[in-house]
1. Could we say that residue 352 is surrounded by fewer than 22 Cβ atoms within 10 Å (Cβ to Cβ), touching a residue at least 40 places away in the same chain (Cβ under 8 Å) and not in a loop (DSSP other than H, G, I, E, B) here?
2. Which residues, counting only those in the range 83-97, are within 20 Å of residue 56 (Cα to Cα) and outside any helix (DSSP H, G or I)?
3. Which residue is surrounded by the most Cβ atoms within 10 Å (Cβ to Cβ), if the candidates are limited to the range 27-80 and must be in a strand (DSSP E or B) and of a type outside the set (Phe, Trp, Tyr)?
4. Among the residues in the range 52-66, are any β-branched (Val, Ile, Thr) and farther than 24 Å from residue 503 by Cβ?
5. Would you say residue 210 is part of a helix (DSSP H, G or I), in contact (Cβ under 8 Å) with a residue 12 or more places away in the chain and aromatic (Phe, Trp, Tyr)?
6. Go through (1) surrounded by 17 or more Cβ atoms within 10 Å (Cβ to Cβ); (2) more than 22 Å from residue 156 (Cα to Cα); (3) among the acidic types (Asp, Glu) and name the single condition residue 24 misses.
7. Select, from 490, 500, the only residue that is more than 21 Å from residue 203 (Cα to Cα) and either outside any helix (DSSP H, G or I) or within 23 Å of the chain's Cα centre (by Cα) (or both).
8. Being among the small types (Gly, Ala, Ser) and farther than 23 Å from residue 429 by Cβ is the filter; apply it to the range 91-104 and report the residue that is surrounded by the most Cβ atoms within 10 Å (Cβ to Cβ).
Amino acid sequence: MAQQQDVLAAFYGNDDFPIEWISDKERELFWFVDDNHCLNPISPMFYSLHGWWGPTLEYMYRRFDAPFGVQWIGKRINEYLYSAVIPRQAAEAGETASYYNWIMPTYANNFLDWWTNRYLPEIKRNFEYLDNFDTENATLPDLMVYLEEAIDIQERHFRIHWILNLAQFQSSMDFQQVAKEVVGDVDPSLIGRILISRKDKNWDGLEALWKLKEKVKNDAELSATFGKNETAPDILSALKPTAKGKSFLEEIEDYGEEYGYKAIFPHEYVNELWVESINPIVESIKGYLESDYNLPAVYKKCIDDQDAAIAELKKLIPATAKEEQKKRLHEKLDLAVKMMPLTPDHHFYIDQGTFGRLRLVILAIGKHLEKIGLLDKAEDIFFLEYEQLRRYIPNPKSADNPDGVDGKKIAAEARKRWDEAWKIKPKAWVGTVTKWAMYEEPYHTLWGWPERFEREQAGEEEVKDKIVGLPASSGIAEGIARIVHSPKEFDQVRQGEIVFCKTTNPAWVVVFSKISGVVTDTGGVLSHPAVVAREFGIPGIVGTGDGTYRVHTGDRVRANGNTGEVEILR
């Protein structure tokens, strides 16, 4: 564990933010709030099934013999998820590094074929099983076995997730390393413009939604329906009575079946999916109509900029470079670009598709429990932990069984704590900050560390009209700020506005189609909002820490993606 001389800072809790520690070893870890994935209070069921952390990450460290950790664990503190990486012993880290460095090029060079021919077909087969299980006619024991198999699938998919993650990371690092060897130091913004995805499920979803918009735009009846009605429920009600409207509703539902296994915050089970309610799809179509969103133009701009960036890099190759060096750079560049679709695709199939389906599996059990009187509402099941559910079902408390488990009470108390936690602003980190945790462990950079820590420790005075974050996507945008907290606010976003939010995920892509810039409280330069801002060619700033607290909807701001600064103009 951490050497005392490596300790940079520590916080173990206070009256305003109390923390229960189970051991001194736990206190010695650097715990950072997961405001990239689970930025809201976490439900007991999702926490108890480990989400993205825990067993599958222990598998990752073991499979790759990774020198930069041995476990990545979670801890619920005041209902928020914090995570910490457990380091290897120094001597062991040195020993494992040789195997890790030796094996990783094989993953980088071959994973794309593995994904296409082995892993993705496996994921699709698992989805087919989950989607076609007859939950309506299943017994409660049948449903619990269904849940166990769904949990196995979730764990398997996240094992694949980490294999993909490391393989893609390696291909990107290989490209950047060879570029540095051949060209020298390369502007990170140029690398960012190169490393974008040209074809993936995000682009497919946008194209399908754009085609629905175009159909409405070019049909007088459908266009009138969307034009006369403001809300999604009103539009749906107006579509149902007509033959053309019913046909279009079927197309919307088909879109939901293909692209709707997602929620605004997919790393949870409590959030409703688009496939459950098509309102967000209808609102997105209406938003596209109002802005007359032109996907082909946006896509062309994105691809043209990537091509231009690649050409710029090639021009930087010195005349003295050997043919072998040029060939190697071209090969690594080509592979890194080909690997980029794996980021949005694994989000689509794993982070969104798998967690979304787990929600539906658990909810099916909740509906059964509501039907037989063991829950007041089906959604209450998310406020039981996995083991609590298993203890409750065979032994519920009743007049005839006063010593049984009171599942309703457990869920009600958990929901009350969860509701109260929304009033809390969680600490960015707790525990012990060590030199290794802040400056050597690589993954926490996705959350904007160490820059967030350095700004905090420097005690920089808050400048009244300036917000500072990390430059994530180049360019400067000036416009009206729009604070966005939930999908209910997507339809309020206007063309050309600059969105301020805590973070984004693939469910937010429809918003990127009409904004001129994005500023997030959390994240690093490889986080989702940073990558997608570069894909859409708009300025992006991440990791501000407090952007959504200091800016108000309607403020005029200037977002500088080159410097990471936001000026509040008025």
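The values are calculated or read from the model by the stated rules, or taken from the named source; none is laboratory data. Values in this document were obtained by computation on a predicted structure and should not be read as measured data. Reconstructed Cβ throughout: ideal geometry from the backbone, glycine too, with neighbour counts over all protein chains shown.
1. Answer is no for this residue.
2. Of everything in the range 83-97, those that are within 20 Å of residue 56 (Cα to Cα) and outside any helix (DSSP H, G or I) turn out to be 83, 84, 85, 86, 87, 88.
3. 77
4. Taking every residue of the range 52-66 in turn, none turns out to be β-branched (Val, Ile, Thr) and farther than 24 Å from residue 503 by Cβ.
5. yes
6. Every listed condition holds for residue 24 apart from (1).
7. Values: 490 fails: more than 21 Å from residue 203 (Cα to Cα).
The conditions single out 500.
8. The first filter runs over the range 91-104 and keeps only residues among the small types (Gly, Ala, Ser), leaving 91, 93-94, 97-98.
Cutting the leftovers down to farther than 23 Å from residue 429 by Cβ gives us 91, 94, 97-98.
Details: 91: 8, 94: 11, 97: 15, 98: 11.
Among those residues, the one meeting the criterion is 97.
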